[in-house]
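Notes for the one structure printed next.
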Amino acid sequence: MKPVISDDPLAVFAKTPFTRLLGMKRDFSEGGKAQISLDPHADLGNVIGAVHGGVVVTLLDVVMASAAVSCVNFQKTVVTLNLNTSFLEPGRGVLIAQGEVVDCDDDVAWCQARVLDAQGRLVAKAQGSFRYLPRPQ
């Protein structure tokens, strides 16, 4: 695997192979808040016909990371230090992940997020912390 490198730090999300594979779209990421949407394809399903929980956790992780990097104007990247997730409903149809930074310093961002379905039902929520690292050049 190779790092994702771009002269435009805002383009990194769209160039990341895993988010492209899943079909994630970043709706916005600014001022410590972010939103990502996913119109899931059949390959992302589980045995009950809902979006697999691993995909839901990934949405939570990525939306919090997007919120965190927006706090530093995308001049750094982040890696996940911890992630605590609660599942509340099966995720079906289009999913919307919303994340925000609760607090941050020069090294770590503490975030929270939630995933909603198209009807506005809460599918899952999470809290996590993310370590800032230099962007790959």
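The values are calculated or read from the model by the stated rules, or taken from the named source; none is laboratory data. Everything numeric in this text was worked out from a predicted model, so none of it was measured. Neighbour counts run over all protein chains shown; Cβ positions are idealised from the backbone, glycine included.
For Val78, indicate whether it is surrounded by 12 or more Cβ atoms within 10 Å (Cβ to Cβ), part of a loop (DSSP other than H, G, I, E, B) and modelled with pLDDT of 95 or more.
On the way: surrounded by 12 or more Cβ atoms within 10 Å (Cβ to Cβ): yes; part of a loop (DSSP other than H, G, I, E, B): no; modelled with pLDDT of 95 or more: yes.
Answer is no for this residue.
Kindly provide the set of residues from the range 47-70 that are crowded, with 19+ Cβ neighbours inside 10 Å and over 12 Å from the mean Cα position of the chain (by Cα), ordered by number.
Going through the range 47-70, the residues crowded, with 19+ Cβ neighbours inside 10 Å turn out to be 50-51, 55-56, 58-70.
Selection gives Ala50, Val51, Ser70.
Give the range 99-133 a look and list any residue that's among the acidic types (Asp, Glu), touching a Lys or Arg at 6+ places or on another chain (Cβ under 7 Å) and part of a strand (DSSP E or B), or say none. Walk me through how you get there before you give the answer.
Let us first name the residues in the range 99-133 that are among the acidic types (Asp, Glu), namely 100, 103, 105-107, 117.
Okay, now just the ones that are also touching a Lys or Arg at 6+ places or on another chain (Cβ under 7 Å), so 100, 107, 117.
Listed by number, the residues that qualify are Glu100, Asp117.
Could you go through the range 62-74 and let me know if any residue there is over 20 Å from Pro9 (Cα atoms) and touching a helix residue (DSSP H, G or I) at 6+ places or on another chain (Cβ under 9 Å).
The initial filter retains those residues of the range 62-74 that are over 20 Å from Pro9 (Cα atoms), namely none.
Checking the range 62-74: not a single residue is over 20 Å from Pro9 (Cα atoms) and touching a helix residue (DSSP H, G or I) at 6+ places or on another chain (Cβ under 9 Å).
Any idea which residue in the range 106-130 is surrounded by the fewest Cβ atoms within 10 Å (Cβ to Cβ), counting only those that are under 17 Å from Phe87 (Cβ atoms) and among the charged types (D, E, K, R)?
This residue is Arg121.
I need the full set of residues from the range 20-45 which are closer than 14 Å to Ala97 by Cα, small (Gly, Ala, Ser) and assigned to a strand (DSSP E or B), in order please.
Passing the criteria: Ser29, Ala34, Ser37.
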